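One structure is given below, encoded as structure tokens.
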Amino acid sequence: MATGKSFNSTSRAEEVIAVLRDTTVLLENVAQLIMSLPRDFKGVDTGDEPTEGVEDFLWFLWEGILDIAEEDAEIHPRLREFLKLFTVLDEPTYLLWGSELTLAQLPLLGAVSRDRINGIKISGDQDPNSELGQRILSGDVPESSDLDGLAFYEGRCKWLNLNRFFASLWIDENIPVDYALFALWAMRSGLERDPKSEESHLDVGPRDLLIETASIWVTIAGDKMYHCKDIYGRNGDPTWDTNTRGTPGLGGARWVGVDGYDPARWALWKQVFTEIANEEGRRPHLIILAKAAVDSMNTSEPSIASK
């Protein structure tokens, strides 16, 4: 592979993504592309920042990986194993966003993930707050001839797959990226908002979809969530600097406790899932998911799991 000024961040990332997407290619062959990166990065000179080309490559690469993860949950195990290929590359270091980092730390993956989790992406100019958008995003299946409905359905599937992928990364001890806040935000959006408030479905998505998202996180990562004690705000951590860091752990209308993980908050989540599972008029698939979420939470609690 060429090095120095001939290194093209976009084309190299696209090359890796194409090979990764092709499941007939063994990961051992993909590994060869990754192992050569430190050598290929040597002499990269694309701007004032010495490792600007590395930064661009990583950003394009992570974006491509998340695109694949959104499209097909079946390929998630392959993507996780791919990410682990980086963990042996503990030298050299690169100056990325003001910090000296190695490829083993999967630099910028957290930032790209944060950018992607901002909201559901719908192709075209369809309004997700329309009656059709609310129905399809909540779980209705559109007719094959309904192009607008199919756009909402695609956005829904990608959103759920993305959350499944992030949850699976968080519980993998060999992936050095922390998704604890993503899990907390999913639970807050789906379970802590006032169900009678317009904010519950207009600002952040249909409530049924948000409940389903929360169920994904607790079903996949329930154990990790139960044992997590992270705090993201002054309520629970008096030293927290809200001026520079905000209060990302702030609760919804139904939670007034600490700005982060807490046994009482966990209990509230389970209570809301139980309410949903027993609520008349709920979509059948949501009742099933809520019951599965409660079962998963019970399994995560030692006092219940041991019975």
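Data table
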| quantity | calculated |
| --- | --- |
| Qualifying positions in segment 167-224 - of a type in the set (Val, Ile, Thr) and at pLDDT below 95 | VAL204 |
| Some residue of segment 279-289 being in a loop (DSSP other than H, G, I, E, B), aliphatic (A, V, I, L, M) and surrounded by 13 or more Cβ atoms within 10 Å (Cβ to Cβ) | no |
| Some residue of segment 270-278 being exposed (fewer than 13 other Cβ atoms within 10 Å of the Cβ) and not in a helix (DSSP H, G or I) | yes |
| Qualifying residues in segment 12-22 (those that are in contact (Cβ under 8 Å) with a residue 24 or more places away in the chain and either in a loop (DSSP other than H, G, I, E, B) or of a type outside the set (Gly, Ala, Ser) (or both)) - the one surrounded by the fewest Cβ atoms within 10 Å (Cβ to Cβ) | GLU14 |
| Residues satisfying the stated conditions in segment 178-198, i.e. within 28 Å of LEU85 (Cα to Cα) and surrounded by fewer than 20 Cβ atoms within 10 Å (Cβ to Cβ) | ASP178, ALA180, LEU181 |
| Positions within segment 128-157 being surrounded by 16 or more Cβ atoms within 10 Å (Cβ to Cβ), charged (D, E, K, R) and closer than 18 Å to PRO284 by Cα, in sequence order | ARG135, ARG156 |
| Single residue of segment 245-269 satisfying the filter (among the β-branched types (Val, Ile, Thr) and surrounded by fewer than 19 Cβ atoms within 10 Å (Cβ to Cβ)) that is farthest from ASP208 (Cα to Cα) | THR247 |
| Residue within segment 225-244 that is assigned to a helix (DSSP H, G or I), basic (Lys, Arg) and either modelled with pLDDT of 95 or more or buried (at least 17 other Cβ atoms within 10 Å of the Cβ) (or both) present | no |
| Restricting segment 52-102 to residues that are among the hydrophobic types (A, V, I, L, M, F, W, C) and touching a residue at least 60 places away in the same chain (Cβ under 8 Å), the residue that is surrounded by the fewest Cβ atoms within 10 Å (Cβ to Cβ) | ALA73 |
| Test: residue in segment 94-108 that is in contact with a Pro (Cβ under 7 Å, 6 or more places away or on another chain) and at positive phi | yes |
| Residue match in segment 23-41 (condition: within 22 Å of ASP115 (Cα to Cα) and either modelled with pLDDT under 90 or not in a helix (DSSP H, G or I) (or both)) | no |
| Number of positions in segment 290-305 that are within 12 Å of ILE211 (Cα to Cα) and not in a helix (DSSP H, G or I) | 0 |
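The values are calculated or read from the model by the stated rules, or taken from the named source; none is laboratory data. Because the structure is a prediction, the values reported are computed rather than measured. Counting neighbours? That spans all protein chains shown, and the Cβs are built from the backbone with ideal geometry, glycine included.
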